[in-house]
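The values are calculated or read from the model by the stated rules, or taken from the named source; none is laboratory data. These numbers come from a predicted model, not from an experiment. Reconstructed Cβ throughout: ideal geometry from the backbone, glycine too, with neighbour counts over all protein chains shown. We work out accessible area using only protein heavy atoms, side chains counted, and drop any ligands, DNA or RNA first. Shrake-Rupley method; radii C 1.70, N 1.55, O 1.52, S 1.80 Å.
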Amino acid sequence: LASRCENTTSRAGRGLDAAIPMSSERTAWHPPFTTAMRERGPRWVKVSGEVQLTQEPMRADDMFELRVDVPRDPSDSGSVLRGLWPLVRVVCLLEFKSISRPFRRGDLARLLAYGLVWFYTHQAKGALTLPRGRRRRARPGDLTLALVVPTLTRTLRREVEQMGLTLHPSESGYHRATGAFCTLVVIELSRVA
């Protein structure tokens, strides 16, 4: 029932499902499902349907993708953020925080949400193009999330803990965080630079 309780007309307008083929069969199960939840759910729960979660489109600061026309060269680490490139498997979404606009509460959660949205939109068969032209659906190991900050702050450390993640300090300034669904690295510019 849950897989059929989708209002396909409202999904198409959101843009998140562009890469996922929708069934040619149109159903209208979602409104009756929401009504049933509203009428028969506990009185202490407010039920809302078709809720828009963000006011603006979600935009990552930067996205890095492996080029399909150039073979990966492990000896080429560029001349900036050299420790990041070996962590990029297929795609990296990066969020940059500066001294003038430092890390704020919720920034890590937003980066994780970007990652989940990217992963979700690449679940159709052949949605992801790999080097040598191979195509397949995305896997969690394909994605790296990078949070670039001037320094590790108490706010950042607190949010890492609240998100159920573990931050592993590194002298290099490339701090790996475990517990996420994909590779997550916090890049501390004061150490890296």
Residue among Leu156, Leu93, Leu111 that is modelled with pLDDT of 95 or more and either of a type in the set (Val, Ile, Thr) or in a strand (DSSP E or B) (or both): Leu93
Within the range 159-174, take every residue that is free of Cβ contacts under 8 Å to residues at least 24 places away in the same chain and over 17 Å from the mean Cα position of the chain (by Cα) and give me the one that is surrounded by the fewest Cβ atoms within 10 Å (Cβ to Cβ). Glu171
Checking Thr144 against (1) of a type in the set (S, T, N, Q); (2) outside any loop (DSSP other than H, G, I, E, B); (3) in contact with a Leu (Cβ under 9 Å, 6 or more places away or on another chain); (4) more than 18 Å from Glu65 (Cα to Cα), the condition it does not meet: (4)
Cβ pairs under 8 Å, 6+ apart or interchain, first in the range 81-106 and among the acidic types (Asp, Glu), second part of a loop (DSSP other than H, G, I, E, B), ordered by first then second residue, are Glu95/Ala60; Glu95/Asp61
Select from the range 132-157 the residues that are surrounded by fewer than 12 Cβ atoms within 10 Å (Cβ to Cβ) and under 15 Å from Arg104 (Cα atoms) and list them in ascending order. Arg154
Considering only the range 122-129, I want to know if a residue exists there that is open to solvent by 60 Å² or more (accessible area, probe 1.4 Å) and more than 23 Å from Thr54 (Cβ to Cβ). yes
Do you know which residues across the range 164-193 are of a type outside the set (A, V, I, L, M, F, W, C) and either assigned to a loop (DSSP other than H, G, I, E, B) or farther than 19 Å from Phe96 by Cβ (or both)? Gly164, Thr166, His168, Pro169, Ser170, Glu171, Ser172, Gly173, Thr178, Gly179
Kindly establish whether Pro86 is under 18 Å from Asp62 (Cα atoms) and open to solvent by 70 Å² or more (accessible area, probe 1.4 Å). yes
Residues located in the range 105-121, provided they are touching a strand residue (DSSP E or B) at 6+ places or on another chain (Cβ under 8 Å) and open to solvent by 30 Å² or more (accessible area, probe 1.4 Å): Arg110, Phe119
Of the listed residues (Pro57, Pro71), the one being under 17 Å from the mean Cα position of the chain (by Cα), surrounded by fewer than 12 Cβ atoms within 10 Å (Cβ to Cβ) and in a loop (DSSP other than H, G, I, E, B) is Pro57
Lys46: passes all of (1) surrounded by 10 or more Cβ atoms within 10 Å (Cβ to Cβ); (2) modelled with pLDDT of 85 or more but (1)
Considering only residues that are farther than 26 Å from Ala109 by Cβ and among the aromatic types (Phe, Trp, Tyr), which ones fall in the range 75-94? none
